[in-house]
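To keep things clear, I will list the structure first and then write my remarks on it.
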């Protein structure tokens, strides 16, 4: 047993942190620090920095053009990244459809799609959820009917993050309605410019527009956009969800945010007690994450125990956003920014505080999406505890 | 709406409190204050005081010799009683078998059993639970087979509080095994001196001996000890359990205990914060109790909403016992009493503290018995929320 | 001891709930927030005509004598209806300060009760949290007239107010309460949106002419008014959480997941029960606090704080669970759930987090 | 970074767990508690022979060089086995104080490591909570010799100890650490039972002859030793909570209620998952703290406190849930569940409640 990382690993950590910090545009850093919304251009600009270092698709094996990090490096990369006020990259290409493509697609599809993801050339969105099928994918209704060289897709997707900015959508569709629900599902890639696609924005409680409904009406998708075998999409989709779970604790960002809170209080403040309570929970989570990483390094499989990272990571992130609200008090009750003093100066409080409430509201999603925490508990009950 | 009780009701409250306080033996009060165990003789001595005022069977209607309190008086009686360090009376006669007898028994049985309960002449114990049938009474196994003028009872009861001190036991037994589980259950009264009864003590984690297993082997019970109709015992038993729920919040005792804790800390102590947190929860509970009482006074039925009193009352009582432990710190880690200083004096700390841990452990039972809090939530989900 | 409404109370509750059911709710609240005043003047007129603004005041002051019970009843309905009407700040907070001041402010109070005047409270200062007692804003005598200098933030309905009650530190004399006509600061109000569709403003007081309201007992007057404000705001939270709970329960009975209704999953059953208990606990202690304050019980002050804190505990728990149980749809602006959560959170930040009030409760109980 | 045991660590873990599985558990612990010393001298000899007492000490001091990782491994097994052996107080607490003192106490440390001497720590004073820094017990120089006066309570294994390390206030010089031979106080020890089948004693020091251990740096030495004590005690809690959880999970799979296994009820599934997470969280941070202390990381001190606090949070949660899920049978002395709960609670009271250690953590992080 030893806690320290190797000097090489520590050097790697510092290299990532310093490189990212040096190339993080000041305006983007400021927006991220204040919890302000980023434009599509902001995100692309930052992802170009990542892509320039081949760090956009940070989790990809070298075989498919990724950096080929081992588990430790992957972890340290996330830690270094998360310690900065740098926006997280859009996940749909790099951690969702990317791995499905390199694991299950044919060579032609790999050549066509993978480089564009890695190089920040194509914005992907997700077509999984449907009204009435949130965590429960087996009840999908969107249909794809073969018509010559095309599938004709009809149906509705929802909770589609940034559909309005996306170039492509990966989609679970029913190609066979005669068999068991799971068996007739296929995995299709759809160009968002195809006629028949309508996007309706969904405004969320934090006042933002991130998610959308996507209506598909006689959308003709070339057959060569089918990934793997027809009817096998359920398996690809499930593999994708499991791939995600390990890196979902968000501990680095929670640490960054908590550090910021501690700066603002004296050691004997009652808020310091609350910060310490959360920090101790966070440290336990961080070391649980490291322990599972250690298991992987030793050739083991953390398996569904990784669900614990999602459960606790999201609970802690929410609690931090709540504590921040309480520390700001009345200053966080307004959502308009930039109040000027009589002399024209900008007071310190409100600008810092303006997004605290929207952030608190926005983070309620953490325990709902990516497999709700209730679903994670059911997974653990079955697979880890054998219940 | 008004919060104040009538002057007559307040006078009643003071009368009860002052009468009980004046007649509470100092040694019993001291034991109760320190959380020490009472002997059978202690309890009988105190119950004689209650009986002398006709306050032992405080919940009984005047028709059956009780004081015939209305709901408000009943509540105020409990509040006055609970504000003192007076041991609660043994419940099995007065609130469990008593009401079954006056509601369902024949006149002869009423005449025979009720006065003895009211006057503290007979100690009753409960024969409901069996191994494998805790909260789930439908799976009872103890059988009573008719043999002439007697039932012959065979089986095993458990969690029988003070069986070793009891004169009589009321018992649910199966008189018919051919019908639906609930339908074949009868309600029998058994003299504990009847041959064939064996008592095995169960030692609990607080080091006490309160509960027992009771083995019944060919115990012959006269047919005249059957209450109501054969096979109708399930209904009587259920009615009895519901009768109990309303008075189970224990708020008066919690208030008394919390008041004691507040005396021991300064207003700026971090413990004061914890005390206040619990006190606010307790006040909410107290007023919920009063609100349900107000509903009853207005002719309404609080119904299963009263389960909330049990759930929160027990949670709060447990939390208070926990906080007390933390406030005492290392002084509460020992269970032996009466350590003397070198000069022979008794230090203030340990005697106060000695029973804090056993009390904490003992109170774990609150959320388990009387219908576990899980069962209470299921009752509320069904009956209050319609789920 | 009686928790049932009497005839007058029941009539008040019925009428204000009916009005809210007919004219309020999410759509209306959002539309009203975009109006000039940030609320509907018509609705406010109705409130005045129906006498709801008079409900909490003593009869000798032109009120209906229902005290804190009256404001509690009205506010529960406003919370359920997500109303942006300035009842809490103009009627309860300002009105209850004025009611303690006697004849000198008779006209002002009359204006508040009749609805002709809308007042607000200029209390918060940026970066000061809940340090009410020591405002940075100052009041000084200049040529025998008081002038106020300083910046106040998050003054609810600032743009619609006819005047402000302002807390300020009086040179050498501690905390004082002042009245400033809106005209004095009209040019120095920057309006903002609160998170919950109410409007507020940041106000710069630059040598603003003011009238002193208190006679050195400003903090006591302020604190007494706060007793009722906290109960009324708690009741607004109650209206919001009750509605959020009711809608969640309804949703759980209808929405299916994995082939059965959400409400059939045991985990959600237990959690819905816990939500319902939290609502009942809040309701009980709020009713008790209102009665205690109305009847002048000695523990009214601590009960007011306790009721407020419980409303926040319950409201937070119920609100967060309501979103979680709804799932994705609970995160959207298409349901009222988010608006209820925002109302409760906005009230928490405006009137004080639990930690702040528990500290005060401690000193009251010590 | 590696959380897997190396060969030596694995061997240590395997051997001490095997010994515990063979010879410990509830029946044995209760029987041992009734012995003269309050524990089995044979078991203690085995611990010595197997080298477990040497595990946490540096090789140059006659140890095996495993540091806090060593004591963590041993203590987890002792917790699981409910053992009353005086490892925590004699080996970890006393030993780690002695190890900082160099040659002057070489013999004592040798005695501790060989198991020939059992020491204990006389630390607590009635009514003082966790006010370690300012003992009421005093030490004074009389004719060039130190004498200690005062009363210490809850000294673990007092009746079996050969000597005591005693905290005392030195006239005009603050906190000091002293060594008192058992013979000096033998007549003034009143033995008591702790709640968890360990024995302890209240000791009156009446002009007890003592040797001073520190050179004015007693508090620092004490606090450094406490770093490892807290991790070791946390690990004992971990062993206990892991076993309580395992037994509860097992029970939930077998025991039927309303016609199906407890473990089939969704509410209990979620609660068992939460228990398992609490155990894993405690295990992770305890392992990290042990490694950090062994390797001399700069945050070892704060991590030690964090690990301790997490072990209490997790232990309390798991313990209370274990009883609740077992139901009535969990309340009885017939299962080990109650003994695990008592061990964790006794450790909490002996070594400090969360509030106390979070305050210290605050100052370390400030």
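The values are calculated or read from the model by the stated rules, or taken from the named source; none is laboratory data. Predicted model, so just to flag it, every value in this text is computed and none were measured. Every residue, glycine among them, receives a Cβ derived from its backbone with ideal geometry; neighbour counts consider all protein chains shown.
Quick notes on this structure:
- As a summary of the residue check, residue D:266 satisfies the conditions (1) surrounded by 22 or more Cβ atoms within 10 Å (Cβ to Cβ); (2) more than 19 Å from the chain's Cα centre (by Cα) except for the one numbered (1).
- The numbered conditions (1) more than 14 Å from chain C (Cβ to nearest Cβ); (2) over 16 Å from residue A:150 (Cα atoms); (3) buried (at least 17 other Cβ atoms within 10 Å of the Cβ); (4) touching a strand residue (DSSP E or B) at 6+ places or on another chain (Cβ under 9 Å) are all true for residue A:198 except (3).
- Residue selected from the stretch A:328-360 under the condition facing chain C (nearest Cβ under 9 Å) and under 20 Å from the mean Cα position of the chain (by Cα), by the criterion modelled with the highest pLDDT: A:360
- Every condition in (1) more than 7 Å from chain C (Cβ to nearest Cβ); (2) surrounded by 21 or more Cβ atoms within 10 Å (Cβ to Cβ) is met by residue B:312 except one, and the failing one is (1).
- Count of the stretch D:179-198 residues, restricted to those that are out of contact with any helix residue (DSSP H, G or I) (no Cβ under 9 Å at 6 or more places or on another chain) and either part of a strand (DSSP E or B) or modelled with pLDDT under 90 (or both), is 2.
- The condition (being facing another protein chain (nearest Cβ under 9 Å), more than 19 Å from the chain's Cα centre (by Cα) and either modelled with pLDDT of 95 or more or outside any loop (DSSP other than H, G, I, E, B) (or both)) is satisfied by just one residue among B:325, B:285, B:258: B:325.
- Odd one out for residue C:162, checked against (1) at pLDDT 95 or above; (2) in contact with a helix residue (DSSP H, G or I) (Cβ under 8 Å, 6 or more places away or on another chain); (3) surrounded by 18 or more Cβ atoms within 10 Å (Cβ to Cβ): (3)
- Any hit, the stretch A:361-374, residues being assigned to a loop (DSSP other than H, G, I, E, B), more than 22 Å from residue A:285 (Cα to Cα), at pLDDT below 95 and not assigned by TED's automatic domain parsing to the domain that holds residue A:210: no
- Residue B:160 meets each of the listed conditions (1) surrounded by 15 or more Cβ atoms within 10 Å (Cβ to Cβ); (2) touching a helix residue (DSSP H, G or I) at 6+ places or on another chain (Cβ under 9 Å); (3) outside any strand (DSSP E or B) apart from (2).
- Of all residues in the stretch C:224-233, one or more are buried (at least 21 other Cβ atoms within 10 Å of the Cβ), out of contact with any helix residue (DSSP H, G or I) (no Cβ under 7 Å at 6 or more places or on another chain) and touching a residue at least 12 places away in the same chain (Cβ under 8 Å).
- Some residue of the stretch A:19-42 being at pLDDT 95 or above, in a loop (DSSP other than H, G, I, E, B) and more than 18 Å from residue A:84 (Cα to Cα): no
- Residue within the stretch A:234-250 that is in a helix (DSSP H, G or I) and more than 23 Å from the chain's Cα centre (by Cα) present: no
- Verdict on residue D:201 being in a strand (DSSP E or B), buried (at least 22 other Cβ atoms within 10 Å of the Cβ), at negative phi and under 25 Å from the mean Cα position of the chain (by Cα): yes
- The stretch A:118-129: number of residues that are more than 17 Å from residue A:224 (Cβ to Cβ) and touching a strand residue (DSSP E or B) at 6+ places or on another chain (Cβ under 7 Å): 6
- Test: residue in the stretch B:201-220 that is within 14 Å of chain D (Cβ to nearest Cβ), on the phi > 0 side of the Ramachandran plot and out of contact with any strand residue (DSSP E or B) (no Cβ under 7 Å at 6 or more places or on another chain): yes
- Of all residues in the stretch D:128-158 being in a loop (DSSP other than H, G, I, E, B) and under 18 Å from the mean Cα position of the chain (by Cα), the one that is surrounded by the most Cβ atoms within 10 Å (Cβ to Cβ): D:157
- Set D:94, D:114: member being crowded, with 24+ Cβ neighbours inside 10 Å and touching a helix residue (DSSP H, G or I) at 6+ places or on another chain (Cβ under 8 Å): D:94
- Search result, residues across the stretch A:139-156 that are more than 12 Å from residue A:225 (Cα to Cα) and in a loop (DSSP other than H, G, I, E, B): A:140, A:141, A:142, A:148
- Among the residues listed as C:255, C:212, the single one being surrounded by fewer than 24 Cβ atoms within 10 Å (Cβ to Cβ) and within 13 Å of chain A (Cβ to nearest Cβ): C:255
- Residues in the stretch A:75-130 that are assigned to a loop (DSSP other than H, G, I, E, B) and either without any contact (Cβ under 8 Å) to a residue 40 or more places away in the chain or more than 14 Å from chain C (Cβ to nearest Cβ) (or both): 16 in all.
- Residue among C:108, C:88 that alone is outside any strand (DSSP E or B) and within 16 Å of residue C:212 (Cβ to Cβ): C:108
- Every listed requirement among (1) closer than 18 Å to residue D:155 by Cα; (2) touching a helix residue (DSSP H, G or I) at 6+ places or on another chain (Cβ under 6 Å) is met by residue D:255 save one, (1).
- Search result, residues across the stretch D:265-283 that are without any contact (Cβ under 8 Å) to a residue 12 or more places away in the chain and at the interface with chain A (Cβ under 7 Å from one of its Cβ atoms): D:269, D:270, D:273, D:277, D:280
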